[in-house]
C-alpha cells in the first residue's frame, strides 16, 4: 500500500482575483504532484488551469468580497449563503484539510461545520501589527526612534476597535450558521495553521504565534508567449502594472513618456487591459499585452510596478529590485516593506508623473546595493521552496487528527497508527 501521505485529500478555496487564486493554484499544483487528491473551488475562468494541474474544479459561489452597487451585501453578510452553498461540496469531497484564502471564508466555515481541520493561506504579508508597529496597509515604515514607536502604540486602541467590529460581524455570521463565536480579533485566520506566502525578509521582526508559518512566496502564472525586448545593450526596464488597478494606465503612460529618451530599453505590459486612447510607443520601448514574468524578469535590470504582492514576489525571486508606485489595497504596505528592506525605490501614487518616474528609475539603477540585496532574496528563494514547505505543513496537519486519518480513501475505519 502506498504511504498515508500519498492518500490525503485537500479542499482549497480562493476567490478568483489573480493575487489570491494564483498562490492557491501554486499550492494545489504541488499537492497534486505529491500524489494527493485536490479540489480547488474558485471562479470558472481558472477551470482549465485547475484541471490541467491534476486537480478537481469546483465552481465558487457568487461571493462579493467587496460590495458593489450591483451586489450590495457586505462580506460577512455574503459569507452566510456562500457557506451554505459550499458546505455540500466540501462534505461530498470528504477532505482531510480545507485550505482557504484569507478573503474567502466560506470554505473555512463549511469545513468547521463538517469538523474538518482548517488552514488559512495568506497570499501576501501578514495583516496584523505588533505593538509599536504602524497599522497594516497604511504604508508607514517601521519606526526608527522611541518616539515613533510610542506614537504607533497610541494608535493600537483605534486599530483594535476596528478589529472588534469585524469580529462582531464575523460572529453574527457564525451565529446564523450555528457556529460558536470566536474571541480572537483576527478570527477569520485559522488557529491551527496560517501559511504566509511572503518573503520572511519583508516581515518586520516580531514574535509570531505558533500557528503562523512564513513559508516564502507561492508563485504561479498562466502560460504565455515570450516577448522580445527592444534591441540594444542598455539596461532593460520592465513596466509591470497591476491586473486589477489603474484602469487608465497612468503608470504605463508615465513610463512611456518619462523613459522615452533615457539610456534604457523598456518592455511595457498592458496586463490584459485595453488602452482607450492611442499611446505613442517610443523607439526604445516594446509594448505587449502579457508575458511570462518568471521568464522575462531575469533579463531585466529593474521592475517598475504598482507592487501587488504577486509581481513583487516574482521580481524578488528573480533577484530584481523595483520601483514601487503603490495604487490601492496592500500595495502601500508592500512599498514600505520594500523600502525598509533596501530592495527598491518608493514613489507615492500622488507624486507619479513622467518626470518623477524618470528620477526614480535613475535612482534605482544607480544604487548597486538594491540589486545586491535583491540577489540575496533570489538566492534564499532558490534554497527555500514555499510550495514544498506548505505541502509538508498541510500533510502534518492532516495526519495530526485521528478523525482525519479515517477519511483517507481506501482505509478502513480503524487504521493502524503511523510509524
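The values are calculated or read from the model by the stated rules, or taken from the named source; none is laboratory data. Computed from a predicted structure; not experimentally measured. Reconstructed Cβ throughout: ideal geometry from the backbone, glycine too, with neighbour counts over all protein chains shown.
General remarks:
- Filter result (outside any loop (DSSP other than H, G, I, E, B) and out of contact with any helix residue (DSSP H, G or I) (no Cβ under 6 Å at 6 or more places or on another chain)) within region 238-249: 238
- Put simply, of 205, 181 the only residue that is within 30 Å of residue 113 (Cα to Cα) and in a loop (DSSP other than H, G, I, E, B) is 181.
- Residue identified as closer than 24 Å to residue 137 by Cβ and touching a strand residue (DSSP E or B) at 6+ places or on another chain (Cβ under 9 Å) among 256, 267, 195, 238: 195
- Hits in region 210-230 - residues which are touching a residue at least 12 places away in the same chain (Cβ under 8 Å), part of a loop (DSSP other than H, G, I, E, B) and over 18 Å from residue 316 (Cβ atoms): 211, 222, 223, 224, 225, 226, 227, 228, 229, 230
- Selection within region 149-165: residues that are within 25 Å of residue 327 (Cα to Cα) and free of Cβ contacts under 8 Å to residues at least 24 places away in the same chain. The member of this set that is surrounded by the fewest Cβ atoms within 10 Å (Cβ to Cβ) is 158.
- Looking across region 183-198 at every residue that is modelled with pLDDT of 95 or more and touching a helix residue (DSSP H, G or I) at 6+ places or on another chain (Cβ under 6 Å), the one that is farthest from residue 220 (Cα to Cα) is identified as 193.
- Test: residue in region 355-373 that is in contact (Cβ under 8 Å) with a residue 40 or more places away in the chain, assigned to a helix (DSSP H, G or I), exposed (fewer than 15 other Cβ atoms within 10 Å of the Cβ) and out of contact with any strand residue (DSSP E or B) (no Cβ under 8 Å at 6 or more places or on another chain): yes
- Filtered residues of region 342-354 (kept if closer than 17 Å to residue 320 by Cβ and buried (at least 19 other Cβ atoms within 10 Å of the Cβ)): 343, 344, 345, 346, 347
- Residues in region 22-35 that are free of Cβ contacts under 8 Å to residues at least 40 places away in the same chain and buried (at least 24 other Cβ atoms within 10 Å of the Cβ): 1 in all.
- The lone exception for residue 16 - which of (1) more than 19 Å from residue 390 (Cβ to Cβ); (2) crowded, with 20+ Cβ neighbours inside 10 Å it fails: (2)
- Some residue of region 274-292 being at negative phi and either crowded, with 24+ Cβ neighbours inside 10 Å or in the same structural domain as residue 25 (by TED's automatic domain parsing) (or both): no
- Criterion applied to 341, 398 was being under 14 Å from residue 316 (Cβ atoms) and touching a helix residue (DSSP H, G or I) at 6+ places or on another chain (Cβ under 9 Å), and the one residue passing it is 341.
- Every residue from region 315-331 that is buried (at least 24 other Cβ atoms within 10 Å of the Cβ) and either touching a residue at least 24 places away in the same chain (Cβ under 8 Å) or out of contact with any strand residue (DSSP E or B) (no Cβ under 9 Å at 6 or more places or on another chain) (or both): 315, 316, 320, 321, 322, 323, 325, 326, 331
- Residue match in region 141-163 (condition: outside any loop (DSSP other than H, G, I, E, B), in the same structural domain as residue 104 (by TED's automatic domain parsing) and in contact with a helix residue (DSSP H, G or I) (Cβ under 6 Å, 6 or more places away or on another chain)): no
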